Amino acid sequence: MFASPTIPNEKAMQLIQWLIYQAWEKAPNEALVAATAERIVEAGVPVDRCRVAMYTLHPETGSLLFDWDRAENAPQSGHRHEIAYSDGDSEEWRASPLHHMMATGTMQFRRRLTGPDAKVDFPVLAEYHDEGFTDYYACMFGGKEALKLIRDGERSCGALLRWLTRHPDGFSDHDIAFIDSIVPALTSAIQAHLDQEIAANLLDAYVGPLVGERILKGEIRRGMTESLNAVLMIADLSDFTSVSDIVSKEEMVSALNRHFDAMLAPVEAAGGQVLKFLGDGFLAIFPFDPGMQRETARKALQASTEALTAVDALAETEADLARPAMGLNVALHLGEVMFGNVGSRDRLDFTVIGPAVNEASRMESLCRSLGTDIILSETIAELLPEQTRLLTRTELRGVKGERALYAPLAAPSGTLR
């Protein structure tokens, strides 16, 4: 564990106590870091710039940086930067003192930048010297186990902190001791805020923001459901099975991701919420308030046609790269569903259930046999009569009674397909 060389003095203890309370607050971490830096300065430690780097759990972002600069920031104002996984192995990073600390297991790193004891042995230290900084101090918090996880490419709760001063004499031993004493409380407060953010990010990524928000609010009891009126969209990639037979598993996953990127962008832009992926397809809903049925149906249909256009464009790119492409089939239905928690005692799913979901699924399976990429239910067609045409009247498997099925007047390309 990180060890402070001396017992914290009274001012440090006051700051530590304040940080403990901040762990319960909802302020953004960039504001927390800035407010902490200002309190450090008020305590007599001449910090002019600081950065706290925290590792996080996110599908795209590997770490978060929280910066403060006394010369640039307004009171209690800081900056936040997100570092993608792909940016974590740049040449600049490999040549930095922080990378050196991780590679060598160094928990504390100090460099005087001016005077007889100056040692400017990293490119970034020369830049800091040119900016007028006189002393550089970096430390790592999280213990040797956290360091090992980071070095092995695993995510952890480890933190890297960097402190700079322009004071003519640099940092004193007392200044370094003060910083060391508050680091555990500071990183713990940041991590407390970050854990909530991580939970929200992961829920958004895996179950969507609509469901994620409800889970975080505590709507987690089995059987807790509500009635919801929504446009349902069930989409499925055609030719997935045949394509998966001729490409590797890795190529298939990459192809799926490219197709999901293409077809989900217009759905999300139109207010659709993807509730789950169904192998090579997905289930999305477009909730609406009373009186907004027609507008929501219009947006859902527009999103469907734009998704088809995007998949068609991707198919051309895939062909140019000698990669097999897939088509897209979509069903839209409007109805009342039950939205909430279903499952076993130990494994729950927050989803929609009800006859309307079953009907939409059965409709989508008929796209190929009916010669259309989009099938619409009568509840959609009644709201958009000028944009739809009757395909057929038929019975759906497992659904009582005959159903009228419709299609858009024209496919995205302008021709019926």
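For this structure, a couple of remarks:
- Accessible surface of the chain, 1.4 Å probe, proportion on carbon and sulfur as whole %: 52 percent
- Across the chain, the relative contact order, built from alpha-carbon pairs under 8 Å that are at least six residues apart, equals 13 percent.
- Taking every C-alpha pair closer than 8 Å and separated by at least 6 residues, the mean separation divided by the residue count of the stretch 337-386 gives a relative contact order of 23 percent.
- Diffusion constant of the stretch 176-218 at 25 °C, which comes from Stokes-Einstein with the Kirkwood Cα-pair radius and 0.890 mPa s, µm²/s: 207 µm²/s
- Rounded to the nearest 500, the helix-only mean residue ellipticity at 222 nm of the chain stands at -13000 deg cm²/dmol, with each DSSP H run of n ≥ 4 adding -39,500 (n - 2.57).
- ARG403 long-range amide H proximity, modeled H, under 5 Å: THR394, GLU395, LEU396
- Three-way shape call for the stretch 272-417 based on the alpha-carbon gyration tensor, with the a/c threshold at 1.5: oblate
- Counting only the Cα atoms, the stretch 236-335 fills a convex hull of 86 Å³ per residue.
- Global geometry of the stretch 85-134, whether rounded, prolate or oblate, following the gyration tensor of its Cα atoms and the 1.5 cut on a/c: oblate
- Cα→Cβ-extended label distance, 7 Å offset, between THR114 and VAL253, nm: 5.3 nm
- Rounded if a/c under 1.5, otherwise prolate or oblate - the stretch 209-287, Cα gyration tensor axes: prolate
- Over the chain, the alpha carbon radius of gyration divided by the compact-protein estimate 2.2 N^0.38 Å works out to 1.30.
- Difference of contour (0.36 nm per residue) and Cα-Cα distance, GLU336 to GLU127: 69.0 nm
- Over 22 Å between alpha carbons, listed pairs LYS26/LYS217; LYS11/LYS119; LYS276/LYS299: LYS11/LYS119
- Ligands, DNA and RNA are left out, and with a 1.4 angstrom probe the accessible area of the chain is 50 Å² per residue.
- Sequentially through the stretch 275-288, phi angles give Karplus couplings (6.51, -1.76, 1.60; θ = phi - 60°) of 8, 6, 8, 10, x, 9, x, 7, 10, 10, 10, 10, x, 8 Hz, Gly and Pro residues having no value and appearing as x.
- Inter-centroid distance (Cα atoms) of the stretch 12-52 relative to the stretch 163-205, Å: 8 Å
- Calculated FRET value between ALA27 and THR394, using beta carbons and R₀ = 56 Å, to 0.05: 0.45
The values are calculated or read from the model by the stated rules, or taken from the named source; none is laboratory data. Computed from a predicted structure; not experimentally measured. No Cβ is skipped: glycine too gets one built from the backbone with ideal geometry, and neighbour counts run over all protein chains shown. With ligands, DNA and RNA removed, areas are computed over all heavy atoms of the protein, side chains included. Shrake-Rupley method; radii C 1.70, N 1.55, O 1.52, S 1.80 Å.
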